[in-house]
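Take a look at the structure below.
The values are calculated or read from the model by the stated rules, or taken from the named source; none is laboratory data. What you see is a predicted model; the values in this text were computed from it and never measured. All Cβ positions, glycine included, derive from the backbone under ideal geometry; neighbour counts span all protein chains shown. Side chains included, ligands, DNA and RNA excluded: accessible areas come from the protein's heavy atoms. Shrake-Rupley method; radii C 1.70, N 1.55, O 1.52, S 1.80 Å.
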Amino acid sequence: MSSPDSSRRTARPSTLGLSTFGSSTHPAPVRRALGSRLLGIAGAGLLALSTAGCFQPMYAQKPDEQGPSMQQQLSDIEIVFSAGRIGNEVRNDLIFALTGGAGNPSGTPYRLEMRATDNTTAAIVDSVSGLPEVELVSVQALWRLVDNTDPKKPVTLTSNMAFGKASVDSGYQRFARERAIRDAQNRASQVVADTIKMQLASYFATKRANGGKEPGSQAAGAPASGIPATGGQTLGTGTPVGGAPKS
(Lines give C-alpha, C1' and ligand atoms only; values in the text may rest on other atoms or scores of the structure.)
Protein backbone atom coordinates (compact mmCIF):
# COMPACT_ATOMS: atom_id res chain seq x y z
CA MET A 1 0.00 0.00 0.00
CA SER A 2 1.55 3.26 -1.15
CA SER A 3 1.49 6.46 0.82
CA PRO A 4 -0.25 9.63 -0.45
CA ASP A 5 3.13 11.34 -0.84
CA SER A 6 4.46 8.66 -3.14
CA SER A 7 1.32 8.77 -5.31
CA ARG A 8 1.72 12.51 -5.74
CA ARG A 9 5.33 12.05 -6.77
CA THR A 10 4.47 9.42 -9.38
CA ALA A 11 1.61 11.49 -10.73
CA ARG A 12 3.88 14.52 -11.41
CA PRO A 13 5.06 14.43 -15.08
CA SER A 14 8.77 14.24 -15.63
CA THR A 15 10.56 16.39 -18.24
CA LEU A 16 14.02 14.87 -17.87
CA GLY A 17 13.60 12.77 -20.94
CA LEU A 18 12.66 15.70 -23.17
CA SER A 19 15.25 17.63 -25.15
CA THR A 20 16.18 20.92 -23.62
CA PHE A 21 16.04 22.47 -27.08
CA GLY A 22 12.64 21.05 -27.93
CA SER A 23 9.72 23.28 -28.66
CA SER A 24 7.67 21.68 -25.85
CA THR A 25 10.02 22.97 -23.11
CA HIS A 26 10.76 26.50 -24.41
CA PRO A 27 8.21 29.24 -24.91
CA ALA A 28 7.99 31.20 -28.14
CA PRO A 29 10.21 34.16 -27.01
CA VAL A 30 13.04 31.80 -26.06
CA ARG A 31 12.81 29.99 -29.38
CA ARG A 32 12.89 33.29 -31.26
CA ALA A 33 15.96 34.44 -29.30
CA LEU A 34 17.72 31.13 -29.98
CA GLY A 35 16.90 31.37 -33.67
CA SER A 36 18.22 34.94 -33.88
CA ARG A 37 21.47 33.92 -32.21
CA LEU A 38 21.98 31.00 -34.60
CA LEU A 39 21.15 33.26 -37.55
CA GLY A 40 23.74 35.82 -36.35
CA ILE A 41 26.42 33.14 -36.02
CA ALA A 42 25.66 31.87 -39.51
CA GLY A 43 25.80 35.40 -40.92
CA ALA A 44 29.16 36.06 -39.28
CA GLY A 45 30.52 32.84 -40.75
CA LEU A 46 29.33 33.73 -44.26
CA LEU A 47 30.84 37.21 -43.93
CA ALA A 48 34.20 35.75 -42.85
CA LEU A 49 34.18 33.36 -45.81
CA SER A 50 33.29 36.11 -48.28
CA THR A 51 36.10 38.41 -47.13
CA ALA A 52 38.75 35.73 -46.60
CA GLY A 53 40.23 36.31 -50.03
CA CYS A 54 40.43 40.11 -49.65
CA PHE A 55 43.33 40.12 -47.21
CA GLN A 56 46.81 39.21 -48.40
CA PRO A 57 50.17 39.53 -46.64
CA MET A 58 52.20 42.56 -47.73
CA TYR A 59 55.28 40.47 -48.49
CA ALA A 60 53.41 37.71 -50.33
CA GLN A 61 53.65 37.24 -54.09
CA LYS A 62 50.91 35.68 -56.16
CA PRO A 63 51.90 32.82 -58.50
CA ASP A 64 50.92 34.83 -61.62
CA GLU A 65 52.63 38.03 -60.47
CA GLN A 66 55.52 39.27 -62.55
CA GLY A 67 58.60 41.11 -61.33
CA PRO A 68 60.61 40.86 -58.12
CA SER A 69 58.93 40.10 -54.83
CA MET A 70 58.64 42.58 -52.00
CA GLN A 71 61.50 40.97 -50.07
CA GLN A 72 63.74 41.05 -53.14
CA GLN A 73 63.05 44.75 -53.63
CA LEU A 74 63.83 45.53 -49.99
CA SER A 75 67.07 43.57 -50.14
CA ASP A 76 68.10 45.55 -53.25
CA ILE A 77 68.48 48.77 -51.23
CA GLU A 78 71.96 49.92 -50.29
CA ILE A 79 72.03 51.87 -47.02
CA VAL A 80 74.73 54.53 -47.26
CA PHE A 81 76.91 55.70 -44.39
CA SER A 82 75.20 57.81 -41.72
CA ALA A 83 77.28 59.96 -39.36
CA GLY A 84 77.12 59.60 -35.59
CA ARG A 85 76.54 56.69 -33.24
CA ILE A 86 72.76 56.95 -33.52
CA GLY A 87 72.90 57.09 -37.31
CA ASN A 88 75.14 54.04 -37.40
CA GLU A 89 72.82 52.20 -35.00
CA VAL A 90 69.77 52.89 -37.15
CA ARG A 91 71.73 51.94 -40.28
CA ASN A 92 72.86 48.59 -38.86
CA ASP A 93 69.34 47.75 -37.64
CA LEU A 94 67.87 48.71 -41.01
CA ILE A 95 70.39 46.63 -42.96
CA PHE A 96 69.51 43.59 -40.87
CA ALA A 97 65.77 44.28 -41.21
CA LEU A 98 65.89 44.59 -44.99
CA THR A 99 68.30 41.75 -45.78
CA GLY A 100 67.72 39.38 -42.86
CA GLY A 101 71.38 39.46 -41.89
CA ALA A 102 72.85 39.02 -45.39
CA GLY A 103 74.76 42.30 -45.12
CA ASN A 104 74.59 45.63 -46.91
CA PRO A 105 74.44 45.08 -50.70
CA SER A 106 76.35 47.17 -53.22
CA GLY A 107 75.67 48.06 -56.83
CA THR A 108 71.92 47.78 -56.28
CA PRO A 109 69.23 49.69 -58.19
CA TYR A 110 68.19 51.55 -55.02
CA ARG A 111 70.10 53.63 -52.50
CA LEU A 112 68.80 54.93 -49.18
CA GLU A 113 70.31 58.02 -47.58
CA MET A 114 69.36 59.18 -44.12
CA ARG A 115 70.30 61.44 -41.24
CA ALA A 116 69.46 60.47 -37.66
CA THR A 117 69.30 62.68 -34.57
CA ASP A 118 68.37 62.03 -30.95
CA ASN A 119 66.99 64.02 -28.05
CA THR A 120 66.59 63.30 -24.32
CA THR A 121 64.00 65.12 -22.21
CA ALA A 122 62.95 64.78 -18.58
CA ALA A 123 59.51 63.25 -18.18
CA ILE A 124 59.33 63.12 -14.35
CA VAL A 125 61.45 65.36 -12.10
CA ASP A 126 62.05 64.85 -8.38
CA SER A 127 60.49 67.81 -6.54
CA VAL A 128 63.15 67.78 -3.79
CA SER A 129 66.42 67.27 -5.67
CA GLY A 130 65.30 68.67 -9.00
CA LEU A 131 66.90 65.71 -10.81
CA PRO A 132 65.00 63.76 -13.47
CA GLU A 133 63.61 60.41 -12.36
CA VAL A 134 62.25 59.28 -15.74
CA GLU A 135 63.59 60.51 -19.09
CA LEU A 136 62.26 60.09 -22.60
CA VAL A 137 64.72 59.34 -25.39
CA SER A 138 63.61 60.22 -28.93
CA VAL A 139 65.32 59.25 -32.20
CA GLN A 140 64.35 60.84 -35.51
CA ALA A 141 65.54 59.87 -38.96
CA LEU A 142 65.09 61.75 -42.24
CA TRP A 143 65.55 59.44 -45.20
CA ARG A 144 65.12 59.29 -48.96
CA LEU A 145 65.14 56.47 -51.48
CA VAL A 146 67.17 57.14 -54.61
CA ASP A 147 66.99 55.38 -57.97
CA ASN A 148 70.60 54.34 -58.49
CA THR A 149 70.31 52.74 -61.92
CA ASP A 150 72.07 55.77 -63.41
CA PRO A 151 74.66 56.97 -60.85
CA LYS A 152 75.33 60.10 -62.92
CA LYS A 153 71.68 61.19 -62.68
CA PRO A 154 70.25 59.82 -59.44
CA VAL A 155 66.54 60.45 -58.95
CA THR A 156 64.71 60.58 -55.64
CA LEU A 157 61.81 58.14 -55.60
CA THR A 158 60.35 58.86 -52.17
CA SER A 159 61.30 60.41 -48.84
CA ASN A 160 59.87 60.32 -45.35
CA MET A 161 60.57 60.68 -41.64
CA ALA A 162 60.60 58.01 -38.92
CA PHE A 163 60.42 58.36 -35.15
CA GLY A 164 61.26 56.12 -32.22
CA LYS A 165 60.86 56.70 -28.48
CA ALA A 166 61.96 54.85 -25.34
CA SER A 167 61.78 55.72 -21.65
CA VAL A 168 64.51 55.24 -19.06
CA ASP A 169 64.66 55.38 -15.24
CA SER A 170 67.42 57.90 -14.65
CA GLY A 171 68.51 57.19 -11.08
CA TYR A 172 71.23 59.15 -9.32
CA GLN A 173 74.34 57.27 -10.45
CA ARG A 174 76.01 59.04 -13.33
CA PHE A 175 77.48 56.09 -15.20
CA ALA A 176 74.38 53.95 -14.69
CA ARG A 177 72.26 56.75 -16.16
CA GLU A 178 74.55 57.07 -19.18
CA ARG A 179 74.35 53.35 -19.81
CA ALA A 180 70.56 53.39 -19.44
CA ILE A 181 70.23 56.28 -21.91
CA ARG A 182 72.45 54.44 -24.38
CA ASP A 183 70.24 51.35 -24.14
CA ALA A 184 67.15 53.50 -24.64
CA GLN A 185 68.73 55.05 -27.74
CA ASN A 186 69.37 51.57 -29.11
CA ARG A 187 65.75 50.55 -28.52
CA ALA A 188 64.45 53.72 -30.14
CA SER A 189 66.80 53.18 -33.10
CA GLN A 190 65.34 49.72 -33.60
CA VAL A 191 61.85 51.23 -33.71
CA VAL A 192 63.03 53.76 -36.30
CA ALA A 193 64.54 51.00 -38.46
CA ASP A 194 61.33 48.95 -38.32
CA THR A 195 59.31 52.04 -39.20
CA ILE A 196 61.49 52.80 -42.23
CA LYS A 197 61.12 49.22 -43.40
CA MET A 198 57.33 49.50 -43.22
CA GLN A 199 57.42 52.82 -45.08
CA LEU A 200 59.53 51.30 -47.82
CA ALA A 201 57.25 48.27 -48.04
CA SER A 202 54.25 50.57 -48.33
CA TYR A 203 55.94 52.46 -51.16
CA PHE A 204 56.74 49.31 -53.15
CA ALA A 205 53.26 47.86 -52.51
CA THR A 206 51.61 51.06 -53.78
CA LYS A 207 53.90 51.09 -56.79
CA ARG A 208 53.01 47.48 -57.57
CA ALA A 209 49.29 48.27 -57.25
CA ASN A 210 49.76 51.15 -59.73
CA GLY A 211 51.20 48.81 -62.31
CA GLY A 212 54.80 49.88 -61.76
CA LYS A 213 54.07 53.60 -61.83
CA GLU A 214 55.43 55.84 -59.12
CA PRO A 215 52.86 56.49 -56.34
CA GLY A 216 52.09 60.21 -56.28
CA SER A 217 53.99 62.96 -57.97
CA GLN A 218 55.44 65.09 -55.18
CA ALA A 219 58.56 62.96 -54.67
CA ALA A 220 58.73 60.81 -57.80
CA GLY A 221 61.14 62.07 -60.41
CA ALA A 222 62.66 64.76 -58.20
CA PRO A 223 66.41 65.37 -58.31
CA ALA A 224 68.41 63.56 -55.64
CA SER A 225 69.58 66.77 -54.00
CA GLY A 226 68.12 69.25 -51.56
CA ILE A 227 65.02 67.23 -50.63
CA PRO A 228 62.86 69.39 -48.35
CA ALA A 229 61.94 67.86 -45.03
CA THR A 230 59.93 68.93 -42.01
CA GLY A 231 60.93 72.27 -40.58
CA GLY A 232 62.58 73.46 -43.78
CA GLN A 233 65.54 71.10 -43.33
CA THR A 234 67.15 69.30 -46.23
CA LEU A 235 68.99 66.05 -46.47
CA GLY A 236 71.93 67.60 -48.27
CA THR A 237 73.20 67.25 -51.80
CA GLY A 238 74.62 64.41 -53.82
CA THR A 239 76.91 63.19 -51.03
CA PRO A 240 75.54 60.64 -48.59
CA VAL A 241 73.41 62.11 -45.82
CA GLY A 242 75.49 62.98 -42.82
CA GLY A 243 78.70 63.32 -44.82
CA ALA A 244 81.25 60.84 -46.02
CA PRO A 245 83.00 58.48 -43.59
CA LYS A 246 86.20 59.75 -42.14
CA SER A 247 89.34 58.09 -43.44
**Q.** Cβ-Cβ under 9 Å pairs, at least 6 apart or on other chains, the stretch 153-182 side under 21 Å from Ser138 (Cα atoms) and of a type in the set (Lys, Arg), far side surrounded by fewer than 15 Cβ atoms within 10 Å (Cβ to Cβ) and at pLDDT 90 or above
**A.** Arg182/Arg85
Q. For residues in the stretch 109-146 being farther than 19 Å from Asn160 by Cα and open to solvent by less than 40 Å² (accessible area, probe 1.4 Å), which is farthest from the chain's Cα centre (by Cα)?
A. Asp126
Q: Could you check Glu78 against (1) in contact with a Lys or Arg (Cβ under 6 Å, 6 or more places away or on another chain); (2) among the charged types (D, E, K, R); (3) open to solvent by 70 Å² or more (accessible area, probe 1.4 Å) and say which number it fails?
A: (3)
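Of all residues in the stretch 195-207, which are over 14 Å from Gln140 (Cβ atoms) and either among the hydrophobic types (A, V, I, L, M, F, W, C) or open to solvent by 70 Å² or more (accessible area, probe 1.4 Å) (or both)? Steps first, please.
Narrowing the stretch 195-207 to residues over 14 Å from Gln140 (Cβ atoms): 197-198, 200-207.
Met198, Leu200, Ala201, Phe204, Ala205 - these are the residues of the stretch 195-207 that are over 14 Å from Gln140 (Cβ atoms) and either among the hydrophobic types (A, V, I, L, M, F, W, C) or open to solvent by 70 Å² or more (accessible area, probe 1.4 Å) (or both).
Quick one: which of Gly171, Gly231, Gly211 is open to solvent by 20 Å² or more (accessible area, probe 1.4 Å), more than 27 Å from Thr120 (Cα to Cα) and modelled with pLDDT under 90? Give the derivation first.
Numbers: Gly171 fails: more than 27 Å from Thr120 (Cα to Cα); Gly231 fails: more than 27 Å from Thr120 (Cα to Cα).
Sole residue among the options that is open to solvent by 20 Å² or more (accessible area, probe 1.4 Å), more than 27 Å from Thr120 (Cα to Cα) and modelled with pLDDT under 90: Gly211.
Inside the stretch 98-108, can you point out the residues that are open to solvent by 70 Å² or more (accessible area, probe 1.4 Å) and under 19 Å from Val146 (Cα atoms)?
First, pick out the residues of the stretch 98-108 that are open to solvent by 70 Å² or more (accessible area, probe 1.4 Å): 102, 106-107.
Of everything in the stretch 98-108, those that are open to solvent by 70 Å² or more (accessible area, probe 1.4 Å) and under 19 Å from Val146 (Cα atoms) turn out to be Ser106, Gly107.
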